[in-house]
1. Considering only the range 168-189, state which residues are at pLDDT 95 or above, open to solvent by 10 Å² or more (accessible area, probe 1.4 Å) and of a type in the set (Gly, Ala, Ser).
2. Looking at the range 353-451, what strands (runs of 3 or more DSSP E) fall wholly within it and have at least 2 residues that are open to solvent by 30 Å² or more (accessible area, probe 1.4 Å) and free of Cβ contacts under 8 Å to residues at least 24 places away in the same chain?
3. Looking at the range 130-167, which of the residues that are part of a loop (DSSP other than H, G, I, E, B) and of a type in the set (A, V, I, L, M, F, W, C) is modelled with the lowest pLDDT?
4. For residues in the range 171-184 being in a loop (DSSP other than H, G, I, E, B) and in contact with a strand residue (DSSP E or B) (Cβ under 9 Å, 6 or more places away or on another chain), which is farthest from ASP282 (Cα to Cα)?
5. Is it the case that some residue within the range 110-117 is modelled with pLDDT of 90 or more, touching a Ser or Thr at 6+ places or on another chain (Cβ under 9 Å), surrounded by 15 or more Cβ atoms within 10 Å (Cβ to Cβ) and within 27 Å of ALA361 (Cα to Cα)?
6. Select, from ARG189, ARG162, the only residue that is basic (Lys, Arg) and in contact with a helix residue (DSSP H, G or I) (Cβ under 6 Å, 6 or more places away or on another chain).
7. Across the range 121-131, what is the total count of residues that are of a type outside the set (Lys, Arg) and open to solvent by 30 Å² or more (accessible area, probe 1.4 Å)?
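The values are calculated or read from the model by the stated rules, or taken from the named source; none is laboratory data. Everything numeric in this text was worked out from a predicted model, so none of it was measured. Ideal geometry is used to build each Cβ from the backbone, glycine not excepted, and the neighbour counts take in all protein chains shown. With ligands, DNA and RNA removed, areas are computed over all heavy atoms of the protein, side chains included. Shrake-Rupley method; radii C 1.70, N 1.55, O 1.52, S 1.80 Å.
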Amino acid sequence: MVIPQTNFAWATLVEVDGPGRLHDRLARALRTAIRDGRLAEGDAVPPSRALAEELGCSRWVVTEAYGQLVAEGYLAARVGSATRVSWSPEAAPPKPRTRRAPTRPAIRYDLAPGLPDLRAFPRRRWADAVRSVIGSAVHYDLDIPDPAGHAVLRGTLAGYLRRSRGADADVTSVFVCAGVTDGLVRTCRALRAEGIADLAVEHPGWPRLRDAATSAGLRVHPVPVDDDGLRVDDLTRTPARAVVVGAAHQFPTGTVLSPARRAGLVRWAREVDGFVIEDDYDAEFRYDHHPVAVMQGMDPGRVVLLGTVSKTLSPALGLGWLVAPAGVTPALRAANPVAAAPPVLDQLALAAFIDRGWYDAHLRAGRRRFRARRDLLLTTLAAELPRARVSGTAAGLHVLLHLPDDTDTGATVRAAASAGLRLADLDDYRAKGSPDRALVLGYGNIGDTEIPAAVALLRAALTR
């Protein structure tokens, strides 16, 4: 058996200075370390060759010292295994037992929103993309990265967004960032530098986006969302000159911004000399017809587009983008002088993944898989919870489950968690209370075979 050599700083632990033969001094030093408890019972001592090299002595010195300690019972040696400490000082008095905090039950089924199907991550093709760019990257690709992102990925993203999302983008307008939150923070800082101090957000909506805007120094104004998306009439009554909106698929309601509201938002931005920040959330997954094109193409001078692979590939990649109007680009660079782009090799891997057609293939397969999973979830919910109403089903990776007005959704979420089911309460995404009782059910990261059992636990939690 080969034991890997590891530097345990034994030359420091074992002091062999003093009178006497070297192997006697080494045995004495090891014996003292064991008696003092610095070497505990069961610890492996280094292989004789490794320790001899570290101490600068012959291997014979170490084997003689080990042999002496084996004879005395301090060490135990077995063929094919490491030599280990076999003795310990007299046991210390037992310490008083401390009560452990109760552990959370393991989550067996995950119906919370926000994740794609992590089981379906294209590991082989992503690994191929990483290997290809490691082999082809030139030396200057490994230099300090441009905070705006590598030009190769920026150009690739511009082409992809023009082709698949109807965006008006080129390499100069695309910035690579770590995701939507990072992109929003960068944008808000740039807007703040341009004199914009008030930002409107959708209500309900992601609390993280509100927090990101606040951290950038902006005042946040929630604006209600109805069946046609963000209510532009309510927006006009706020002092905001910028607004964050999920036009293609609003989170968490799942509504699609109507054509009239889209046009109204663009007119509003022009009238107030402001900007629309479009969060292209879940837009690639639409099941009733082709994905809706981005608003950014309607007025690239007034709309900032944010996107990410967190909902299509994995949030572990930490890769996203923003497409900025030309007038905001200098402010973006100036307001974020220390902004760090994601690792260059990861950027180049994503560019290769897109250029080879693998990203499009992954999205096509995902649409088929998620459509079938959504249909299974809807059928199961209708059978198990006939009193509930479902909305927001046309796109994305989540639905809203509307429950009777007397439902305690918070208690339901807690009861489900205790049974191993993760849920999300719509109230968690509201800035203020509402009589509408609903749960946000994500189906991206749950297996098809797990849905019946998960819905059964949900029904049980509702009846408790």
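1. SER173
2. So the answer is 389-391.
3. Filtering the range 130-167 down to residues part of a loop (DSSP other than H, G, I, E, B) leaves 137-138, 143-150, 166-167.
Still in the list and also of a type in the set (A, V, I, L, M, F, W, C): 137-138, 144, 148, 167.
On the way: ALA137: 86, VAL138: 88, ILE144: 83, ALA148: 91, ALA167: 95.
Ranking the qualifying residues of the range 130-167, first place goes to ILE144.
4. Per the criteria, the residue is SER173.
5. Yes, because at least one residue in the range 110-117 is modelled with pLDDT of 90 or more, touching a Ser or Thr at 6+ places or on another chain (Cβ under 9 Å), surrounded by 15 or more Cβ atoms within 10 Å (Cβ to Cβ) and within 27 Å of ALA361 (Cα to Cα).
6. On the way: ARG162 fails: in contact with a helix residue (DSSP H, G or I) (Cβ under 6 Å, 6 or more places away or on another chain).
On inspection, the qualifying residue turns out to be ARG189.
7. Start the filter on the range 121-131 by keeping residues that are of a type outside the set (Lys, Arg), which leaves 121-122, 126-130.
When the remaining residues are screened for being open to solvent by 30 Å² or more (accessible area, probe 1.4 Å), the result is 121, 127-128, 130.
Residues that pass the stated criteria total 4.
For every residue, the table says whether it meets (1) more than 30 Å from ASP375 (Cα to Cα); (2) open to solvent by 40 Å² or more (accessible area, probe 1.4 Å); (3) touching an Asp or Glu at 6+ places or on another chain (Cβ under 6 Å).
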{"site": "PHE275", "(1), (2), (3)": "yes, no, no"}
{"site": "ASP288", "(1), (2), (3)": "no, yes, no"}
{"site": "ASP299", "(1), (2), (3)": "yes, no, no"}
{"site": "LEU305", "(1), (2), (3)": "yes, no, yes"}
{"site": "LEU313", "(1), (2), (3)": "no, no, no"}
{"site": "GLY320", "(1), (2), (3)": "no, no, no"}
{"site": "VAL323", "(1), (2), (3)": "yes, no, no"}
{"site": "ALA335", "(1), (2), (3)": "yes, no, no"}
